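The structure under discussion appears below in the form of structure tokens.
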Amino acid sequence: MPDFVYTARDSRGQRVTGNVTAASEREVLTILSGQSLFPVDVSLDKQAQTAKSTSRVRGQQMAVTYSQLASLMRSGVPLLRSLAVLRDQCSHRTLKEVLKDVHRRVEDGTSLAEAMARYPRVFSELAVQMVRAGGEGGFLEEALDRVAQFTEQSEDLKSRTVGALAYPVFLSVVGTLVVTVLIVFFVPRFATIFDSLRTRGELPAITDWLLAFSSLLQKWGLVFLAAVAFLIFLLRTQLKSDRGRFTADLVKIRIPMLGGIFLNLAVARFCRVLGTMLRNGVSILKSLDVSRDAAGNRVLSEAIGRASQNISSGQTLSGPLAASGHFPITVCEMISVAEESNTLDSVLVEIADGLERRTQRRLDLMVRLIEPILLLILAAIVLMVVMALLMPVIKMSATV
């Protein structure tokens, strides 16, 4: 819901200003009336809208910022002075403006967590909740350190995954372009040469199919591209809905070979966020609420939501997770043992470490297999095109 800034007068006629979050101006007027305030002016908080639309900042940059803030405060530098130092030394334009606003709001009496929460595209929900817990529990420096470690680990895993998949994706794109250019622009040049063989019925079937496919791409290639673009647009539209995202996440974790990797990464993120927040004194229900979104998978989020309801009624966490059928059995068993021994926070982080290591090894092995397979497929396609063009030439030479 949007934020509104208002100017009103109280029952004694004194001027009152403030902010309120509501669905519409009419709702703001209702809220002010309930507070015995007489509105003078109500308008959208443009600064709040700008904060919500702020561009993202790279995770590695945020990890450094959290770590520097924790180091400054641990050295005895007050929070306001620490924020001012970070603001003055920051070279990232967006982050510099954000830190400037956060410093101003903290100076005006707003808590650090509330000031950070105004920039959801810069400060993650995990960071906001852990900073809030650290501020309330008196361990803000440790909370910032944990956020920095988690952010750095997440970025490291993401960069390793992207790095592992970069070459196969590049190979696929380049190979597809090369084959397309061959079929669309090179093959048609031989059509007139092979007309005599076609009329005599001596044209090899593979050559005839290749020429027909090339002609089809020339005539309907743009239509095909337009259809693909439309399907992509339709798919992206569907993915914006809750039902579409749920279906996409369900399909993602059921893809042969890749599904296990996606599932393990999502479970690892959930376990790491939940364990990190529990270790920093955040309540189990609030930690589950944040970690279910951090999993990045709607299917797992629903299972975690049901587990949260069970915990509210006094039951365990491992039961509903195992009943969902989406969490690995070994993970559920380790969580069950950790609940009995009251070591859930440390065990969850260990589970995340183990899952990430195994998943990375599995991903590396898969990439090593994908590269030669792609090369073989591309070589086979190019060989087929070359043979389809050479066979008629060899036949014509033999006839002559």
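The numbers here are math on the coordinates, done by the rules we state, and not lab data. Quick caveat, the model's predicted, so the values are computed rather than measured. Neighbour counts are summed over all protein chains in view; Cβ atoms, including those assigned to glycine, are modelled from backbone coordinates with ideal geometry.
Report, in debye and to the nearest 20, how large the dipole of the chain comes out about its Cα centre when Lys and Arg carry +1 and Asp and Glu carry -1 on their Cβ. Before the final figure, lay out the partial values.
Numbers: 45 positive and 37 negative charges, 213 e Å.
Here the chain has a charge dipole of around 1020 debye.
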Open item on the list: Which residue fluctuates most in the GNM of the chain (Cα springs below 10 Å): Leu285, Leu86, Leu239?
Closed with: Leu239
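When only C-alpha pairs under 8 Å and at least 6 residues apart count, what is the relative contact order of the chain, in percent? List each step's numbers first, then the result.
Values: 414 pairs, mean separation 52.9, N = 400.
Relative contact order for the chain comes out at 13 percent.
Taking the Cβ of Ser215 as the centre, find all other residues whose Cβ is under 14 Å away and add up their charges (Lys, Arg: +1; Asp, Glu: -1). It would help to have the intermediate numbers written out before the result.
Details: positive: Arg189, Arg198, Lys219; negative: Asp195, Asp208.
Combined, the nearby Lys, Arg, Asp and Glu give +1.
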Open item on the list: Please list, in order along the range 190-205, the HN-Hα scalar couplings obtained from phi with the Karplus expression 6.51 cos²θ - 1.76 cosθ + 1.60 (θ = phi - 60°), rounded to whole Hz, x for Gly and Pro.
Closed with: 8, 4, 5, 5, 8, 4, 5, 5, 5, 5, 8, x, 9, 6, x, 4
TODO: Could you work out how far the C-alpha centroid of the range 220-277 sits from that of the range 286-312, in angstrom?
DONE: 19
Open item on the list: Over the chain, with a Gaussian network built from C-alpha contacts below 10 Å, which listed residue (Val187, Val331, Val20) shows the highest mean-square fluctuation?
Closed with: Val20
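Determine the calculated [θ] at 222 nm for the chain from helices alone, applying -39500 (n - 2.57) to every DSSP H run no shorter than 4 residues and normalising by the residue count; nearest 500 deg cm²/dmol.
Numbers: 17 runs with 295 residues, N = 400.
Helices in the chain give a 222 nm mean residue ellipticity of -25000 deg cm²/dmol.
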Open item on the list: Of Val347, Gln238, Met384, which is farthest towards the positive pole of the chain's charge dipole, taken about the Cα centre with +1 and -1 on the beta-carbons of Lys, Arg and Asp, Glu respectively?
Closed with: Met384
Task: Which labelled figure in [x] 1.02; [y] 1.39; [z] 1.35 is Cα Rg over 2.2 N^0.38 Å, once derived from the coordinates - done: [y]
TODO: Report, largest value first, the span of the C-alpha coordinates of the range 59-123 along each principal axis, in whole Å.
DONE: 29, 27, 17
Open item on the list: Could you order the peptides 72-78, 322-328 from most to least packed, using the average number of other C-beta atoms within 10 Å per residue?
Closed with: 322-328, 72-78
Task: In degrees, nearest ten, helix 258-279 long axis to first principal axis of the chain (Cα) - done: 10
Task: J(HN,Hα) series, the range 179-186, from Karplus relation 6.51 cos²θ - 1.76 cosθ + 1.60, nearest Hz, glycine and proline x - done: 5, 5, 4, 4, 6, 7, 10, 8
Task: Angle in degrees between helix 298-312 and the longest Cα principal axis of the chain, rounded to the nearest 10 - done: 30
Open item on the list: So for each of 210-221, 30-41, 139-150, 113-124 I average, over its residues, the number of other beta carbons within 10 Å; can you give me the resulting order with the highest mean first?
Closed with: 139-150, 113-124, 210-221, 30-41
- [ ] Compute the separation of the alpha-carbon centres of the range 178-204 and the range 97-176 and state it in Å as a whole number.
- [x] 57
Open item on the list: Along the charge dipole of the range 277-400, pointing to its positive end and built from +1/-1 on Cβ of Lys, Arg, Asp and Glu, which listed residue (Ile373, Phe327, Ser308) has its Cα farthest out?
Closed with: Ile373
Open item on the list: Spelling out what I want: for every residue of the range 136-148, take phi, set θ = phi - 60°, compute 6.51 cos²θ - 1.76 cosθ + 1.60 (Karplus), and round to whole Hz; glycine and proline get x.
Closed with: 6, x, x, 10, 4, 4, 5, 4, 5, 4, 5, 4, 4
Open item on the list: I need the Debye-formula profile for the range 352-400: one equal scatterer per C-alpha, no solvent, reported as log10 I(q)/I(0) at q = 0.13, 0.20 1/Å, two decimals.
Closed with: -0.53, -0.74
Open item on the list: Going by amide H atoms built from the backbone, whose H comes under 5 Å of the H on Val16, apart from near neighbours?
Closed with: Ala8, Arg9, Asp10
Open item on the list: Suppose every Lys and Arg Cβ carries +1 and every Asp and Glu Cβ carries -1, with no other charges. What dipole size does the range 59-123 come out with about its Cα centre, to the nearest 20 debye?
Closed with: 120
